[in-house]
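Everything below concerns the one structure shown next.
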Amino acid sequence: MEQQPAHSIAQLVQPARVHRSLYTDPQIFELELKHIFGTAWIYVGHESQVRNVGDYFCTMLGRKAVIVVRDASGKLQVIHNQCAHRGAMVVASDKGHTDEFQCCYHGWTYHLDGRLKAIPLLHGYPADFNPKSGKTAMTQVARVMSYRGFIFVSEAADGPSLEEALNHMTTSIDDMVDRAPDGDIEVAGGTFRHVYNGNWKLYLENLCDAAHPWFTHRSSIDAAQQQKDDVLSDGSGEIAIRQMRQNGAPYSFWESQVGIWTYPNGHSYLGDYHDDSKLVAAMNDPVFRDYIGMLEAKKGKAEARRILEVSRWNSNVYPNLSFMSQFQQLRVIHPIAVNRTEVHTYCFKLRGAPERMFQNTISFANIVNGTGSLVLTDDLEIYNRIGIGLSSEGADWIEIGRGYQSDGPADHGGRQGKNSTSEIYIRNMFDAWLSYMTGTPASAALRQGAA
Ligand code: FES
Ligand SMILES: [Fe+2]
């Protein structure tokens, strides 16, 4: 029988606070893998990683190893990376190209869609052994869908479609793709991987946290503020300095210029962020000006303006994806244990954009996502400190109430923080969390505030 945690799940989530065991209890973590990562639409990768028949890459669905592959008919398949013979992991490389998958234990060989293709010593199996039955195939994940190239899977055979689940967040994906003059984006460059000793939920909680840079990223803010303004005009440190100065914007900026929007199923984005007057985008950057010219040439001035006026920072698609269109960054969260999380970071190239745009993308990735980054290392220190702090068994409850009285409705069924320092997006994620974990429709009680 499945073990239940010491407290009932519903008692652990209250309107403006949650119990620390949500971040520390191994039983709750196991239930999250089953009820959230085992049912929700989980991002697994991008179609540009499997453009041709036979292209594949391996990833994790919760703790389950899976292969994402383009099969012989050109269809996307996601199959469990487990041999139907005695269970060995079949594919050990991160990515590649192949005609078939062959298990290196006893040589069972599979078609790209997981069906058994050949089997050594077939004569030795029992008379009723049927190599064409589903029992001898690598198992396909129940549902695979993609939205504009972003591939998601769900282990639930039934439920909302991907677009229903994404809801208004489709517009954030649109923003990512529409920025390509040729209308297509592709994963390019390498992958940053980092781990921290803390719970997976901390990561998404940090990516829209406008209240932490002033303290957490103090050292890089101080260093950037000491630079002369003329370093902004050229040089490889340009984006770094702009971003670090942005992190040092006063609270008056975060409380008047930037907003936070949330949507059903735990999704959110930080918005009104990177227009030219707010530092990082910098339309005056010569590379960006070239890019605008190419975008206008392909899409027309009005459409180019519409695309560039979308000014979102991080978009969080609950429970495992965060991306940012301005510098084409994407991060995937992999829960390993209740106190251990791995994050993979990818960069995208905009097809039809100047090559130097991609250099900016890489430069930005090194600054905020690289394992040697002056910014990421601060955040990793925080995740580790939270992991230690929440395990200390001091206070049992965590406050997530900032903005609770002042949040209000937004278009498309959303809720909006009065400003970007509201913790509404954390309450929104726990609203979805409670719904997944208890199997009841989201009440939106946490999102709606007390006012
Ligand atoms: S476990 Fe794969 S062929 Fe035996
Ligand atoms: Fe940070």
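Worth pointing out:
Let's see how each residue does on (1) closer than 18 Å to residue 57 by Cα; (2) open to solvent by 50 Å² or more (accessible area, probe 1.4 Å); (3) more than 11 Å from ligand 1 (Cβ to nearest atom); (4) within 26 Å of the chain's Cα centre (by Cα):
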position: 99; (1), (2), (3), (4): yes, yes, yes, no
position: 108; (1), (2), (3), (4): no, no, no, no
position: 120; (1), (2), (3), (4): no, yes, no, no
position: 128; (1), (2), (3), (4): no, yes, yes, no
position: 133; (1), (2), (3), (4): no, no, yes, no
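- Take the conditions (1) farther than 21 Å from residue 321 by Cβ; (2) in contact with an Asp or Glu (Cβ under 7 Å, 6 or more places away or on another chain); (3) not hydroxyl-bearing (Ser, Thr, Tyr); residue 58 misses just one of them, which is (1).
- Of all residues in the stretch 396-409 being in a loop (DSSP other than H, G, I, E, B) and open to solvent by 80 Å² or more (accessible area, probe 1.4 Å), the one that is farthest from residue 22 (Cα to Cα): 405
- Residue 191 satisfies every condition listed in (1) buried (at least 16 other Cβ atoms within 10 Å of the Cβ); (2) assigned by TED's automatic domain parsing to the domain that holds residue 349; (3) of a type in the set (Val, Ile, Thr) except (1).
- Cβ-Cβ under 8 Å pairs, at least 6 apart or on other chains, the stretch 124-136 side free of Cβ contacts under 8 Å to residues at least 24 places away in the same chain, far side among the acidic types (Asp, Glu): none
- Which listed residue is more than 28 Å from residue 198 (Cβ to Cβ), open to solvent by 20 Å² or more (accessible area, probe 1.4 Å) and under 23 Å from the mean Cα position of the chain (by Cα), from 93, 73: 93
- Within the stretch 361-395, considering residues that are over 20 Å from residue 323 (Cα atoms) and among the β-branched types (Val, Ile, Thr), the one most open to solvent (accessible area, probe 1.4 Å): 388
- Test: residue in the stretch 383-390 that is closer than 14 Å to residue 220 by Cβ, within 16 Å of ligand 2 (Cβ to nearest atom) and touching a Ser or Thr at 6+ places or on another chain (Cβ under 9 Å): no
- Failed condition for residue 10, given (1) in a loop (DSSP other than H, G, I, E, B); (2) surrounded by fewer than 18 Cβ atoms within 10 Å (Cβ to Cβ): (1)
- Single unsatisfied condition, residue 35 versus (1) in contact with a Phe, Trp or Tyr (Cβ under 8 Å, 6 or more places away or on another chain); (2) closer than 16 Å to residue 337 by Cβ: (2)
- The set of residues in the stretch 330-351 that are buried (at least 18 other Cβ atoms within 10 Å of the Cβ) and more than 20 Å from the chain's Cα centre (by Cα) is empty.
- Flag for residue 166 being within 16 Å of ligand 2 (Cβ to nearest atom) and either assigned to a helix (DSSP H, G or I) or open to solvent by 30 Å² or more (accessible area, probe 1.4 Å) (or both): no
- First in the stretch 360-377 and outside any helix (DSSP H, G or I), second anywhere and of a type in the set (Val, Ile, Thr) and buried (at least 18 other Cβ atoms within 10 Å of the Cβ), Cβ under 8 Å, 6 or more apart: 369/345; 373/367; 374/367; 375/367; 375/368
- Of all residues in the stretch 203-214, those being assigned to a helix (DSSP H, G or I) and either near ligand 2 (Cβ under 10 Å from one of its atoms) or open to solvent by less than 10 Å² (accessible area, probe 1.4 Å) (or both) number 5.
- Given (1) more than 16 Å from ligand 1 (Cβ to nearest atom); (2) free of Cβ contacts under 8 Å to residues at least 40 places away in the same chain, index of the condition residue 48 fails: (2)
- Residue check for residue 227: assigned to a loop (DSSP other than H, G, I, E, B), at pLDDT below 85 and either in the same structural domain as residue 295 (by TED's automatic domain parsing) or within 30 Å of residue 430 (Cα to Cα) (or both): yes
- The stretch 15-29, subset in a loop (DSSP other than H, G, I, E, B) and touching a helix residue (DSSP H, G or I) at 6+ places or on another chain (Cβ under 7 Å), residue farthest from residue 405 (Cα to Cα): 20
The values are calculated or read from the model by the stated rules, or taken from the named source; none is laboratory data. All values derive from a computational prediction rather than experimental measurement. Glycine gets a Cβ as well: all are built from the backbone with ideal geometry, and neighbour counts include every protein chain shown. Surface areas here come from the heavy atoms of the whole protein model, side chains and all, with no ligands, DNA or RNA. Shrake-Rupley method; radii C 1.70, N 1.55, O 1.52, S 1.80 Å.
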